[in-house]
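Asks: Let me give you the structure first, and then I'll get to my questions.
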Amino acid sequence: MRRPSLHRLHKWVGLSAAAWLVVLASTGFLLDHRDSWRWLWQDGVALTWMPHQLAHKASSEPFKLYQIDPLNHADHITGGQSGLWWSSDAGQTWQASHFIDRIQAPQVYAALFTVSDSSSEMWLATDIGVWHSEDSGRTVHVFALAGKRITALTQGEAGNSLLGVADRSEVFRLNTRPASLVWARLSPVSQAELPSSITLSRFVRDLHYGRGLFTAPLSMLWSDLAAIALLVLPLTGLLFFYLPRRWRRKKQQGAEVDHRHKRISIRWLFRLHAPLFGVLACIPLLYLAITGIILDHSDGFANWLKSTNVTRSWQTPVYTLNSWQDEISSIVGYIAEPGKFSLGTRLGLYTTTDNGQHWQREHLPSGDAWYIWSLRRSGDQIFLGGMGGPNLLKEGQGSWQVAKGTGHMPTDMVRLSEHDWWVKGHHGIKLGSLTQGFHDEAIVLPRLGFAPWFYVLDGLHSGLIFHEQWKWLNDLFALAAIFLVITGLLRWWRKKWI
């Protein structure tokens with residue numbers, strides 16, 4: 001029996017995998033740009049269309065923020081990129097906040113209460129500026145930086161001062177009375193303050209999520225190229241397979257076929273398929289497929305991913321922190337210290353005492369090169385939420401203490417008393433203190449009534465929307481993509497251009 005040729009193998013593997021590779025490419029592209037389109041969070045499908053596990057996730061995870069009015073503990077707010085809700089009965093019932101002059105609520109990235117003259121005010125970081133409420137979130141109006149994406153917000157050195165982050169890249173100081181705005185000029189981090197290594201887990205995730213090569217937006221553009229290629233390659237491959245058969249059928253039926261049109265069509269289909277998208281996108285296609293397989297089985301690979309370090313000599317340029325572009329996840333200010341603030345990044349916590357001219361990396365328990373996901377200051381206490389490391393709590397000039405039992409990657413925190421904190425995470429609320437420990441707290445969240453498109457696309461991309469073991473099929477399609485890239489390059493090397 002004749003052995004199948006490279007051409008036949010490439011053709012039939014490509015035809016078999018084409019449809020799902022298009023799904024992976026399109027969903028991956030949209031998920032990478034999750035913050036760019038509000039409809040991903042504020043529109044969706046009925047929860048009844050989703051499997052129970054994903055429906056529960058889509059019902060609770062959109063509410064990343066949770067704050068309590070310090071002067072009236074019955075007034076609560078919650079929300080996130082799907083909008084904002086307020087409660088006057090300690091979270092038993094909820095109503096949507098009214099954003100003045102807005103038909104649709106903005107995406108809300110951060111919220112905080114401040115106290116002035118025995119009254120409280122609420123401040124929001126949104127995708128269209130800093131917003132303000134004087135009635136605990138019932139009505140909200142724009143205050144500053146209208147139209148600009150504000151991704152983090154915290155109290156500054158005094159009651160009338162706020163520190164914020166625009167587009168995960170720039171730091172500003174906003175004085176509320178009288179209103180004034182000053183942008184900080186952030187210097188790069190010196191090489192001596194960079195961690196000597198990062199975990200392989202961090203590197204694999206950054207590569208797959210479009211943030212692991214170059215300073216933003218170059219890494220994302222590189223991943224976008226791979227996604228577009230993964231859309232174009234199956235389409236051109238299908239046309240390359242289908243059109244000659246269509247022309248043969250027309251000829252057998254006696255219809256006239258334009259040979260010049262045939263030659264031009266085949267020539268440009270080949271050029272799009274191989275030399276352009278196939279060759280240009282081969283590297284990102286390979287690493288996206290490989291990292292996708294690893295992340296499909298991240299639980300099984302967890303020990304290896306966390307224990308293996310990528311030293312500085314093997315790190316890509318983005319980890320030099322020569323630019324703050326798209327690197328700032330969270331910010332915290334300090335009482336009575338106007339030039340001091342700390343920035344949470346994927347490479348640790350960096351503190352400046354001179355408005356960003358010089359930086360020092362904080363030395364944290366369990367290592368200091370893990371992702372600082374969230375920061376919250378209340379008085380002289382700071383709560384730090386980590387990814388790849390523990391959550392920490394610090395009081396005044398004391399040392400960082402591990403806050404055990406507060407969950408993975410908390411998204412917001414509220415200080416309820418001298419020592420008690422309320423920690424909001426993906427799986428609910430944890431209540432407690434360092435000395436007494438933390439326990440689950442029953443909580444009622446608003447009902448969206450639908451599953452945001454983000455969770456639908458995430459479920460499609462992982463395959464969980466079909467079955468919890470779909471990851472094995474995803475592995476097969478990833479291996480098919482690797483095979484197609486390699487055999488495609490071999491075929492292109494033999495016939496580079498027509």
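The values are calculated or read from the model by the stated rules, or taken from the named source; none is laboratory data. The structure displayed is predicted, hence computed values, not measured ones. Methodologically, a virtual Cβ is constructed for each residue, glycine included, from the backbone with ideal geometry; neighbour enumeration extends over all protein chains shown.
Asks: Hey, can you tell me all the residues within the range 449-462 that are farther than 16 Å from His52 by Cβ and buried (at least 16 other Cβ atoms within 10 Å of the Cβ)?
Replies: Pro452, Trp453, Phe454, Leu457, Leu460, His461
Asks: Which members of the range 274-317 meet the condition of being part of a helix (DSSP H, G or I), without any contact (Cβ under 8 Å) to a residue 60 or more places away in the chain and over 22 Å from Met387 (Cβ atoms)?
Replies: Selection gives Leu276, Phe277, Leu280, Ile283, Ser313.
Per-residue answers, yes or no, for (1) touching a Pro at 6+ places or on another chain (Cβ under 6 Å); (2) modelled with pLDDT under 95; (3) among the β-branched types (Val, Ile, Thr); (4) closer than 23 Å to Val108 by Cα:
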site: Ile294; (1), (2), (3), (4): no, no, yes, no
site: Ala302; (1), (2), (3), (4): no, yes, no, no
site: Val332; (1), (2), (3), (4): no, no, yes, yes
site: Glu337; (1), (2), (3), (4): no, yes, no, no
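Asks: Let me ask you something else. Answer yes if at least one residue in the range 98-112 is in contact (Cβ under 8 Å) with a residue 12 or more places away in the chain and under 17 Å from Ala442 (Cα atoms), and no otherwise.
Replies: No, the range 98-112 contains no residue that is in contact (Cβ under 8 Å) with a residue 12 or more places away in the chain and under 17 Å from Ala442 (Cα atoms).
Asks: Related question: Of everything in the range 5-19, what is loosely packed, with under 14 Cβ neighbours inside 10 Å, part of a helix (DSSP H, G or I) and not aliphatic (A, V, I, L, M)? Give them in sequence order.
Replies: Scanning the range 5-19 gives His7, Arg8, Trp12, Ser16.
Asks: Please go through the range 466-498 and give me each residue that is aromatic (Phe, Trp, Tyr) and part of a helix (DSSP H, G or I), ordered by number.
Replies: Trp472, Phe477, Phe483, Trp492, Trp493
Asks: Only one of (1) touching an Asp or Glu at 6+ places or on another chain (Cβ under 9 Å); (2) over 20 Å from Lys306 (Cα atoms); (3) of a type in the set (Ser, Thr, Tyr) is not met by Ser378, so which one is it?
Replies: It is condition (1) that Ser378 fails.
Asks: Among the residues of the range 324-343, count how many are of a type in the set (Gly, Ala, Ser), surrounded by 16 or more Cβ atoms within 10 Å (Cβ to Cβ) and under 18 Å from Ser187 (Cβ atoms).
Replies: Summing the residues that are of a type in the set (Gly, Ala, Ser), surrounded by 16 or more Cβ atoms within 10 Å (Cβ to Cβ) and under 18 Å from Ser187 (Cβ atoms) in the range 324-343 gives 1.
Asks: Identify all residues within the range 88-114 that are in contact with an Asp or Glu (Cβ under 7 Å, 6 or more places away or on another chain) and either among the hydrophobic types (A, V, I, L, M, F, W, C) or not in a loop (DSSP other than H, G, I, E, B) (or both); write none if there are none.
Replies: Phe113, Thr114, listed by residue number.
Asks: Okay, next question. Kindly indicate the residue of the range 23-43 that is within 15 Å of Gln107 (Cβ to Cβ) and of a type in the set (Phe, Trp, Tyr) and also modelled with the lowest pLDDT among those meeting that condition.
Replies: Here the answer is Trp37.
Asks: Restricting attention to the range 82-101, does a residue exist that is β-branched (Val, Ile, Thr) and either over 27 Å from Gly137 (Cα atoms) or crowded, with 18+ Cβ neighbours inside 10 Å (or both)?
Replies: No, that holds for no residue.
Asks: What pairs come out if I take residues in the range 122-140 that are in contact (Cβ under 8 Å) with a residue 60 or more places away in the chain and pair them with residues that are among the acidic types (Asp, Glu) and surrounded by fewer than 18 Cβ atoms within 10 Å (Cβ to Cβ) whose C-beta lies under 8 Å away, six or more apart or interchain?
Replies: Partner pairs satisfying both residue conditions: Asp127/Asp35.
Matching residues to (1) closer than 19 Å to Leu124 by Cα; (2) not polar (S, T, N, Q):
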{"site": "Ser330", "(1), (2)": "yes, no"}
{"site": "Ala369", "(1), (2)": "no, yes"}
{"site": "Met387", "(1), (2)": "no, yes"}
{"site": "Met413", "(1), (2)": "yes, yes"}
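Asks: Right, next: So in the range 43-65, with the set limited to residues that are hydroxyl-bearing (Ser, Thr, Tyr) and within 19 Å of the chain's Cα centre (by Cα), which one is surrounded by the most Cβ atoms within 10 Å (Cβ to Cβ)?
Replies: Ser59
Asks: Just to confirm my filter: which strands (runs of 3 or more DSSP E) fall fully inside the range 117-157 and include at least 3 residues that are farther than 29 Å from Gln325 by Cβ, under 19 Å from the mean Cα position of the chain (by Cα) and modelled with pLDDT of 95 or more?
Replies: Where strands (runs of 3 or more DSSP E) fall fully within the range 117-157, none carries at least 3 residues being farther than 29 Å from Gln325 by Cβ, under 19 Å from the mean Cα position of the chain (by Cα) and modelled with pLDDT of 95 or more.
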